[in-house]
Structure formats: C-alpha cells, structure tokens
Amino acid sequence: MASEEKKEDETFGQQTSPVDSIQIGDQEQAHYAEKGIATADPDEALKFLGTGERVIFTPEQNSRLLRKIDLHLLPCLCILYSVQFLDKTSISYASVMNIRQDTHLVGTQYNWLGSAFYIGYLAAEYPVNLALQRFPISKFLSTQILCWGGTLMIHAACSNFAGLMTVRIILGIFEASVTPCFILIVSQWWRKEEHALRTGIWFCFNGMGQIVGAVVSYAIAVGIRKNGYTALAGWQLIFLFTGGLTVLVAIAFFLLIPDSPATAWFLSHDEKVQALERIRSNQQGVGNKHFKKYQIIAALKDPFTWLCFIFSLALQIPNGALTNFKNIILQGFGLNNEESLLYGAPSGAVQIVSTITINYMADRTKNRLYWAIVSLTIGILGFLLMILLPEKNLSGNLAAFYITSASSASFTLILSMISSNVSGSTKKSFVSALNLIGYCVGNLIGPQIIDLNDAPRYLTAKIIICVLYGFCVIILIVMRFVAVGRNKRKERKVAELGDSYVPIKNQEFMDLTDNE
C-alpha cells in the first residue's frame, strides 16, 4: 500500500502531453455502440491529459489553485454581468429622462420596447448554443460584447418607435450569449460543490449594475438641470456612456479570459493538469465540439429539463416587468423623476447581499432548492406589503420594494444546478438553451402586465407577480421530489449490480450524460 501511495504522489507534476488521438477500450466502444456512435468521442480535457491517469495533489495545492482561478476569473465575470444588466435596463432609466416624449412614444409602445429586447434574445438562443459547441467561448463572447456595445450607442441616434424597436431587437440578439457562456465557464472551472456560490457571486453583480445605473443616471439628470446642457438629452447620454463602457469590457474580456483550463495563460502546465483533475468529479469535462443527437433525445425525456423551462418562464414575467418599469413604479410612491433614479440604488445593494448569502448557505447545506424557495418567499412578502401598505407610507413601500430583489437568487440556484447536474456537452447546451428560451418568453411577456393607466399603484401587476412567485415555489417542490427520486433509483441500481458494476475508464471525460 505504501508503494502505491508513493507511485500516486509521483504522478503529480509529470509532463502529461496533449494528444491527437485517445486509445478507447472495448467497454467504452460497446457503450457508444449502444448509442449508435461508431467511436467514443472524448472530451477536450481528456485530449489534453493524454492517458487520463488520475493526478494526486494535496488539499493545500488545491486551495492555492482555487484561489488563483477565483482571482483571475471572477472579477471579469462580475464586471461583465454588471455591465450587461446595466445595458439592457438602461431603457428604464431613459423612461424618466424624456425618451418617451422625445421619440413620440404613445400607448403601449414603451411596453413593447421592453419586450423587443427579448424577441431578439429568443431568436438568437438556439444559434448561440450551437455556436458555443463550435467556437472558443472567450473569443466568441468577446465578439458579441463588442457588437452589443456598439448597438447600445446607436440607441442615442433613434428618434422614433421603429428605430428603437430595431436596435432593441439587435441588442437582444447580441446579449443572448452571455448567460449560456457563463454556465459553461462555471462547469469548466469549478467543482459541483463550488458552483452555487460562484454563480451567485457573478449573478449578484446585476445589483451592482443597478447601483451604477442609478447613480450615473441621477448625476446626468441633475447635471443637465443645473448646467442647462441641451446638446444631447439625458437618455442619449445614458446610452452613449453604457455603450462605450461595454466596448472597453469586450477588449478586457478578450485579453483576460481563456477558453478553457487547458489554454489558461495564467496557469503553468502542471496547474492546468491540476485544474482539469479538479473537475473530474463533475463528470462533465470542459466541452466537446461534436453534436450528439442521442443527448438531445435524453434532454427531451428528462423531467428536469421541462421543470427548469417552466420555472424560468414563470419567474421572468415579474423580472420583465420590474427591469423595464422599476423607475416608473418608484414614481408611483410619490417620487419625482430624479428621486426615482437615485432611490433605485438600494435594491441593487439588497440583491448583492441576499444573493451571496443565499447561495453561500445553499453551498454550505448542499440544498439549493430549499434556499431558492426561501428567496421567493421573501419576494412574495415584499409584494404583499406593497399591495397592503397605504400609498402615503413611502418608507414602508420602499422597504417592501427593496426586499423583492432577494427573489433573483432563486434563478441563480437553478443556473448552478444546470451547471452541476446536467452532463454531456450537447445535452447541457440544449437544456441551457431551453431554460433561456423560457427566460426570454417570460421577460417578453413581463412588460405587458404593466398597465400605465393603473398608475400610481399598479396593483394588478403586483397581484400577478405574487401568484407567479407562488407557482414557482410549487415547481421547486416538484423538482426536489424528482431529484430525490432519481438519486434513489441510481443508488438502488448500483447496489443491485454489486461487484459487477465497473465504471467506464475515464468516464468523467467521455462526454456522457448525467443519466449514463
């Protein structure tokens, strides 16, 4: 036994070279033959590792490597997610900076500007996920960021509804890539038990986007009023600022984020090997560039796929309403235009704190679905308070509005579950795409539940949101029963096989689905 341990210790640090072909055994070939695939198709990680032999390293080395990965990747992911949220919600700040008057919007035309973004997002979702199986993640996403930054600046040149609808749809097309890319990046770099917290960290920077947007738009509005600046309207300056910032982020992302651990510029060769070994337990690898029809069929038959879709659709209807009408709703509390801009900032702070706290607790307790229910319960409480509190109670209504931001943590936990629990590159891309189609449809519907004639309290919309959050809680409970049942069936099957159960060699990097 001592000699075996000695041999394993010596494995760490060996120069494992990338190879162009992997030797596949009879067992692996037989497994793929059942799926109608002529040869086993290993993941990119196994191609880099070569033989696929396990690499042993100490907990201290693992902690040091994890810190290095966190410090190099998370800041960039956080900044980008903050900017993308600021970009798509800039229309809300513009709504109280005279864009409706200057572009002659009437009736429900402003509502449709909120929906238009998600028409483009929805149209691009399937092509984006196909592209992610064929192109390097970092380079592909950097190109998309650059394009949506330019599109955002073009908003400032629009003078009517048709022009704004066009650029909003184009903006949605380019921003459709960000969340699918982030889901893949999380699964490539972190272990399953690390997913919820990391996903929560970058997602909570939606809140930072709210804070920056509120402060910048307020400063622009006050500056224009005090200095009499008239060359450009405040809403035009907002779009130019956010678009220019996005272009800078695109350049930084291209230079700093590698396409996978195997190509990481900030890791030595040994650290790349360790980074790939770290995620072996995920049984997902870092990606496979080949489309596999049987994995699509597996995804369509999986109840988890459809529960994620229904959950995202229902959850994002409130989100679509709030992201586009937040400042208008705040005006309903008795705030003027400038105050509605500034008073939106605390909701971002609440989102940051609540998302990190809830995702941290989900990681610690290893129970993401229960904590998703907690986040939605807080959201329900906030909207109930806004319905029941008198209109003149400004402090109470503001506090109730702010705590509704905690509900967004539930979506981050579902995203992390897709990263952790769905295996097979084609299946993961498909489930991610379908989930984000639900996200798009929900956000597309969301602006339509707000009736501007229902001002200032918008009670009908608030009641609809409470009902939808309650429905989401029911979906999460069903999802919990499905997950527990699946795990018990797997454990029972392995127990029945007993000693006859022999895992496929290097199955963690063989691009198998979670049900194989």
Spin-label pair L459/L248, simplified geometry with 7 Å Cα→Cβ offset, distance in nm
4.7
How big is the accessible area of I79 in square angstrom, nearest 10, if you roll a 1.4 angstrom probe over the protein chains?
90
Run the Debye formula on the Cα coordinates of region 338-441, all scatterers equal and no solvent, and tell me log10 I(q)/I(0) at q = 0.10 1/Å.
-0.37
Quick check: residue separation of V215 and K293 times 0.36 nm, minus the Cα distance between them. What number comes out in nm?
23.2 nm
Fully extended contour minus Cα-Cα distance, from R364 to Y126, at 0.36 nm per residue:
82.3 nm
Taking the Cα centre of region 258-405 as origin and charging only Cβ (+1 Lys, Arg; -1 Asp, Glu), how large is the dipole, in debye to the nearest 20?
620
Pairs from K139/K366; K293/K326; K88/K226; K462/K490; K88/K488 whose Cα-Cα separation, in the structure shown, is over 31 Å
K139/K366; K293/K326; K462/K490; K88/K488
Additional length obtainable on full extension of the chain from N336 to R134, 0.36 nm per residue less Cα span
67.8 nm
Can you figure out the FRET efficiency of Y229 with L384, using R₀ = 35 Å and their beta-carbon distance, to the nearest 0.05?
0.25
Debye, to nearest 20: dipole size of region 346-504, +1 on Lys, Arg Cβ, -1 on Asp, Glu Cβ
540
Heavy-atom accessible area of L71 with all protein chains present, probe 1.4 Å, nearest 10 Å²?
130
How large is ³J(HN,Hα) for each residue in region 162-170, as worked out from phi by the Karplus curve 6.51 cos²θ - 1.76 cosθ + 1.60 (θ = phi - 60°), to whole Hz, x for Gly and Pro?
4, x, 5, 4, 4, 6, 5, 5, 4
Over the heavy atoms of Y110, what accessible area does a 1.4 Å probe trace out, to the nearest 10 Å²?
10
Sites R64 and V353, calculated FRET efficiency, Cβ-Cβ separation with R0 30 Å, nearest 0.05
0.55
As a test of reading the structure, rank T242, T108 by solvent-accessible area (1.4 Å probe, protein chains only), most first.
T108, T242
Mind putting a number on the dipole of region 129-261 about its Cα centre? Charges go on the C-beta only, +1 for Lys and Arg and -1 for Asp and Glu, and I need it in Debye to the nearest 20.
140
Two pseudo-spin positions, 7 Å from Cα along C-beta at K493 and at D451, lie apart in nanometres by 5.1
Among K427, K490, K293, what's the order by accessible area (1.4 angstrom probe), most exposed first?
K293, K490, K427
Scattering profile of region 262-393 at q = 0.16 Å⁻¹ [log10 I(q)/I(0), Debye over alpha-carbon scatterers]:
-1.09
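The values are calculated or read from the model by the stated rules, or taken from the named source; none is laboratory data. As the structure is a computational prediction, the values presented were derived from the model and not from experiment. Every residue, glycine among them, receives a Cβ derived from its backbone with ideal geometry; neighbour counts consider all protein chains shown. Note: areas computed on protein heavy atoms with side chains; ligands, DNA, RNA excluded. Shrake-Rupley method; radii C 1.70, N 1.55, O 1.52, S 1.80 Å.
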